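Novice: This is the structure, below, for whatever I ask next.
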Number of protein chains: 2
Amino acid sequence: MPDRFEIVLPDWLRERVAEPISLATQDERMRFVVGLSAANVAHGTGGPFAAAVFESDGGRLVSVGVNEVASAGNSIAHAEMVAIALAEAAGGGYDLGASGEPAHELVASTEPCTMCLGAVVWSGVWRVVCAARDEDARHIGFDEGPKPADWVAALEARGIAVVRDVLRPDAVEVLEAYASAGGPIYNARQRGE
Amino acid sequence: MPDRFEIVLPDWLRERVAEPISLATQDERMRFVVGLSAANVAHGTGGPFAAAVFESDGGRLVSVGVNEVASAGNSIAHAEMVAIALAEAAGGGYDLGASGEPAHELVASTEPCTMCLGAVVWSGVWRVVCAARDEDARHIGFDEGPKPADWVAALEARGIAVVRDVLRPDAVEVLEAYASAGGPIYNARQRGE
């Protein structure tokens, strides 16, 4: 019986973040993340989704993640999960919002699925910035899971700001190109339906 | 910047599952899981939560998980997440419900939080068996996150059966003992409220 599992960033991504990166504006941060989502498809290392954790003030890049579900054989390896776990591994511990920590934000190429929505709450980030909407992911066949309809309000009630539609057309283009090229839509079965 | 993270079962748990285990009945499976939740507290390796994946027919234990958020410094290390990732690492790949796989079920000492609810959908398990209810976790101060009120129906609509209240008093006893002993209620901040 396995007693451990590991998730490792793809080689191309490790190389891309080998030097420190800081991005001042919201658009720059999102352009970087959407670029990772396209690169993940181009390199054949996973689905068309990427995420990153930044320090909100100053824009220091703390961690990155891409979808590695198929390549890692691990259904929890969504981009946001990888980015959150790596941000915590970077030194913040299990609560990026702990007293004394700089404010962190999660920048994601698509709005979070149910799992990642929950992970956002536990991570301690203070802001979530999204490009493509749930319906854009559903449009190409991905299921976002049983999310509460008022998920934005639910995050904001916990003091977590939500910014939507940042470079949405760019992210949608990546999703649509993936689908057009016949990229696998894993985990998309609506069982029993 | 970290390029990988790993989650490892605590030593006591690795020893406990060193030999193959099969448990025929639902109560036996839950007694085993609730026992792990109590042991996790007793060993000081995390919160009062445990989970396991079984083959539904025959009851072969496929994987186990306990809450390792504080010990691993990783907010995604909930018991269910660990058990799911390890079940997939055991050979099933990212979809435990794939064609040719035996039916798998997740047995959890407490109903899933938002994150784990989503993970259940993506994992491919066909059944979730729970002991303590959401409100039992909330009663000692843990937040279950923004779950849809109709989460049971949402799982069932995807063909995933939900069985609740199996040995609930036993699991509640573990939760209450943890709280009474002053166990840390991490990630419990209701920000902005």
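Novice: Restricting to helices (runs of 4 or more DSSP H) lying wholly in the stretch A:1-72: which have 1 or more residues that are charged (D, E, K, R)? First the steps, then the outcome.
Specialist: On the way: elements: A:11-16, A:26-42, A:69-72.
Fully inside the stretch A:1-72 and qualifying: A:11-16, A:26-42.
Novice: Which pairs turn up if I take residues in the stretch A:145-164 that are on the phi < 0 side of the Ramachandran plot and look for partners that are charged (D, E, K, R) and part of a strand (DSSP E or B) with beta carbon separation below 6 Å, at least 6 apart in sequence or on another chain?
Specialist: A:ALA161/A:ARG127
Novice: Do you know which residues across the stretch B:79-103 are farther than 16 Å from A:GLU6 by Cα, within 7 Å of chain A (Cβ to nearest Cβ) and free of Cβ contacts under 8 Å to residues at least 24 places away in the same chain?
Specialist: Answer for the stretch B:79-103, where residues must be farther than 16 Å from A:GLU6 by Cα, within 7 Å of chain A (Cβ to nearest Cβ) and free of Cβ contacts under 8 Å to residues at least 24 places away in the same chain: there is none.
Novice: Further, regarding this structure: Can you find, within the stretch A:139-168, the residue that is surrounded by the most Cβ atoms within 10 Å (Cβ to Cβ) among those that are within 16 Å of the chain's Cα centre (by Cα) and closer than 17 Å to A:ASN67 by Cβ?
Specialist: My answer is A:GLY145.
Novice: Okay, moving on. As an exercise: evaluate A:ILE185 against (1) within 8 Å of another protein chain (Cβ to nearest Cβ); (2) surrounded by fewer than 16 Cβ atoms within 10 Å (Cβ to Cβ) and give the number of the one condition it does not meet.
Specialist: If we test A:ILE185 against (1) within 8 Å of another protein chain (Cβ to nearest Cβ); (2) surrounded by fewer than 16 Cβ atoms within 10 Å (Cβ to Cβ), just (1) comes out false.
Novice: For B:SER56, indicate whether it is among the small types (Gly, Ala, Ser), surrounded by fewer than 24 Cβ atoms within 10 Å (Cβ to Cβ) and closer than 29 Å to A:VAL53 by Cβ. Explain how you work it out, then say what you get.
Specialist: Numbers: among the small types (Gly, Ala, Ser): yes; surrounded by fewer than 24 Cβ atoms within 10 Å (Cβ to Cβ): yes; closer than 29 Å to A:VAL53 by Cβ: no.
For B:SER56, the condition - among the small types (Gly, Ala, Ser), surrounded by fewer than 24 Cβ atoms within 10 Å (Cβ to Cβ) and closer than 29 Å to A:VAL53 by Cβ - is not met.
Novice: Then there is this: Go through the stretch B:1-35 residue by residue and tally those that are crowded, with 24+ Cβ neighbours inside 10 Å and closer than 18 Å to B:ALA181 by Cβ.
Specialist: Result for the stretch B:1-35: 1.
Novice: Just to be sure I understand the filter: pairs with C-beta atoms under 7 Å, separated by 6 or more residues or on different chains, first member in the stretch B:27-55 and free of Cβ contacts under 8 Å to residues at least 40 places away in the same chain, second member among the β-branched types (Val, Ile, Thr). Which pairs pass?
Specialist: Listed by first residue and then by second, the contacts come to B:ASN40/B:VAL66; B:THR45/B:VAL66; B:GLY46/B:VAL66; B:GLY46/B:VAL69.
Novice: Also, I was wondering about something else. Restricting to the stretch B:41-76, and then to whatever is more than 16 Å from B:GLU15 (Cα to Cα) and facing another protein chain (nearest Cβ under 8 Å), can you tell me which residue is farthest from the chain's Cα centre (by Cα)?
Specialist: Within the stretch B:41-76, the match that is farthest from the chain's Cα centre (by Cα) is B:GLY73.
Novice: Mind checking whether some residue in the stretch A:125-132 is more than 25 Å from A:ALA18 (Cβ to Cβ), within 12 Å of chain B (Cβ to nearest Cβ) and at pLDDT 95 or above?
Specialist: Yes: one or more hits.
Novice: For the stretch A:142-193, name all the residues that are among the basic types (Lys, Arg) and at pLDDT below 90. Before you say what the answer is, go through the steps one by one.
Specialist: Step one: filter the stretch A:142-193 for residues among the basic types (Lys, Arg), giving A:147, A:158, A:164, A:168, A:189, A:191.
Those that are among the basic types (Lys, Arg) and at pLDDT below 90: A:ARG189, A:ARG191.
The values are calculated or read from the model by the stated rules, or taken from the named source; none is laboratory data. None of the values given here were measured: they were computed from a predicted structure. All Cβ positions, even for glycine, are placed from backbone atoms using ideal geometry, and neighbour counts span all protein chains on display.
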